[in-house]
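S.K.: There's a structure below that I have some questions on.
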């Protein structure tokens, strides 16, 4: 099963579950909940799971292209054995596996097995859960004319509902949840090609991501903040062709009292929640800031947030401007 070749309504941007709202364990982390890992910063060990038809086969191919040693449908009881092999001197540098409902014992044994992975010294396990809307999954099963693995004698819709309900406990364990409903195959591959290459040990990697709403929500956002309520430099002729990196744009925005208050409140909120993410063992946090086009307001605020948190030793802060070069 795989995402369709074309997304509905043109190249509609994909989004992770709940990407337009606050996400994290205090809010969304129940959906993408990481746990503390003894081996954080160790050898990557990616576990792909999720709904049938959500694109796991395309995801594992992307990881294979990144140099991962990949195994599809590995029995759950053998996962710790593969992890121990990976940790040997001269063993496997990075591993990715797919587990799903094709294995009868998945639901009963996987939580215990994955907890064991998290306690293995030198290993950095990452659980990624792929899902899609019921309509998208039904369409994909219809296109391939294959039965759902849980409903060989029933409709695909019944199998999808059954599988979604059964996988709720595993979904809650996930470090990341990727909704592939509107993704093309290329977009799904890009999600995995952008997987972070590593994590400074014991630190939360925070990405301040600016974007433009007219170009779609970012697929990898954990927290999303809308700054379209702030004064727009685009309507100032001398600033229109500049970006939020330019001093003139920064000065224009900082002269506005509402902008200054917004930034102070946003920084205060992030200072409150980030220690909770660190204490809980979350590895990566993407804070997305969106304006209309992704060139002025969101860029300026992302840069300011990077400076505000750069001195925090518990964080590794970086900034990325997704749409700064787009018209």
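The values are calculated or read from the model by the stated rules, or taken from the named source; none is laboratory data. Note that the structure is predicted; figures quoted are calculated from it, not measured. Methodologically, a virtual Cβ is constructed for each residue, glycine included, from the backbone with ideal geometry; neighbour enumeration extends over all protein chains shown.
S.K.: So, in the stretch 77-100, how many residues would count as being modelled with pLDDT of 90 or more and closer than 18 Å to residue 129 by Cα?
M.R.: 5
S.K.: Going by what's in this entry, would residue 82 be described as assigned to a helix (DSSP H, G or I), under 18 Å from residue 178 (Cα atoms) and assigned by TED's automatic domain parsing to the domain that holds residue 133?
M.R.: Values: assigned to a helix (DSSP H, G or I): yes; under 18 Å from residue 178 (Cα atoms): no; assigned by TED's automatic domain parsing to the domain that holds residue 133: yes.
The answer is no for residue 82.
S.K.: Is it the case that the stretch 138-154 has a residue that's part of a helix (DSSP H, G or I), in contact (Cβ under 8 Å) with a residue 40 or more places away in the chain and surrounded by fewer than 14 Cβ atoms within 10 Å (Cβ to Cβ)? If you could, list the steps in order and put the result at the bottom.
M.R.: Step one: filter the stretch 138-154 for residues part of a helix (DSSP H, G or I), giving 138-144.
With in contact (Cβ under 8 Å) with a residue 40 or more places away in the chain added as a condition, the list becomes 139-141, 143-144.
If we keep only those that are surrounded by fewer than 14 Cβ atoms within 10 Å (Cβ to Cβ) as well, we get 143-144.
There is at least one residue in the stretch 138-154 that is part of a helix (DSSP H, G or I), in contact (Cβ under 8 Å) with a residue 40 or more places away in the chain and surrounded by fewer than 14 Cβ atoms within 10 Å (Cβ to Cβ).
S.K.: Can you say whether residue 199 is in a loop (DSSP other than H, G, I, E, B) and either closer than 20 Å to residue 56 by Cα or modelled with pLDDT under 90 (or both), as far as the supplied structure shows? I'd like the intermediate steps shown before the answer.
M.R.: On the way: in a loop (DSSP other than H, G, I, E, B): yes; either closer than 20 Å to residue 56 by Cα or modelled with pLDDT under 90 (or both): yes.
Yes; evaluated as a whole, the condition is true for this residue.
S.K.: Output the helices (runs of 4 or more DSSP H) that fall wholly within the stretch 212-327 and possess 3 or more residues being under 30 Å from residue 188 (Cβ atoms), in contact with a strand residue (DSSP E or B) (Cβ under 9 Å, 6 or more places away or on another chain) and without any contact (Cβ under 8 Å) to a residue 40 or more places away in the chain, or say none. Give the steps one after another, and end with the answer.
M.R.: Numbers: elements: 247-254, 257-280, 297-309.
Once the helices (runs of 4 or more DSSP H) in the stretch 212-327 are filtered for at least 3 residues that are under 30 Å from residue 188 (Cβ atoms), in contact with a strand residue (DSSP E or B) (Cβ under 9 Å, 6 or more places away or on another chain) and without any contact (Cβ under 8 Å) to a residue 40 or more places away in the chain, nothing remains.
S.K.: Still on this model: With the condition kept exactly as written, say whether any residue in the stretch 128-136 is at pLDDT 90 or above and in contact with a helix residue (DSSP H, G or I) (Cβ under 6 Å, 6 or more places away or on another chain). It would help to see each step written out before you state the result.
M.R.: Initial filter on the stretch 128-136 (at pLDDT 90 or above): 128-131.
Still in the list and also in contact with a helix residue (DSSP H, G or I) (Cβ under 6 Å, 6 or more places away or on another chain): 129-130.
Scanning the stretch 128-136, I find at least one residue that is at pLDDT 90 or above and in contact with a helix residue (DSSP H, G or I) (Cβ under 6 Å, 6 or more places away or on another chain), so the answer is yes.
S.K.: Also, quick follow-up: I'd like the residue in the stretch 181-191 that is touching a strand residue (DSSP E or B) at 6+ places or on another chain (Cβ under 9 Å) and more than 14 Å from residue 221 (Cα to Cα) and, out of all such residues, is surrounded by the most Cβ atoms within 10 Å (Cβ to Cβ). Walk me through how you get there before you give the answer.
M.R.: First pass over the stretch 181-191, keeping only residues touching a strand residue (DSSP E or B) at 6+ places or on another chain (Cβ under 9 Å): 181, 188, 191.
Within this subset, residues satisfying the condition of being more than 14 Å from residue 221 (Cα to Cα) are 181, 188.
Values: 181: 21, 188: 24.
Step by step, filter the stretch 181-191, then rank; the result is 188.
S.K.: I'd like to know if the stretch 67-74 contains one or more residues that are more than 27 Å from residue 168 (Cβ to Cβ), surrounded by fewer than 18 Cβ atoms within 10 Å (Cβ to Cβ) and outside the structural domain of residue 277 (by TED's automatic domain parsing). Before the answer, list the steps.
M.R.: Of the residues in the stretch 67-74, the ones more than 27 Å from residue 168 (Cβ to Cβ) are 67-69.
Then keep just the ones that are surrounded by fewer than 18 Cβ atoms within 10 Å (Cβ to Cβ); that gives 67, 69.
Restricting the remaining residues to those that are outside the structural domain of residue 277 (by TED's automatic domain parsing) gives 67, 69.
Yes - at least one qualifying residue is present in the stretch 67-74.
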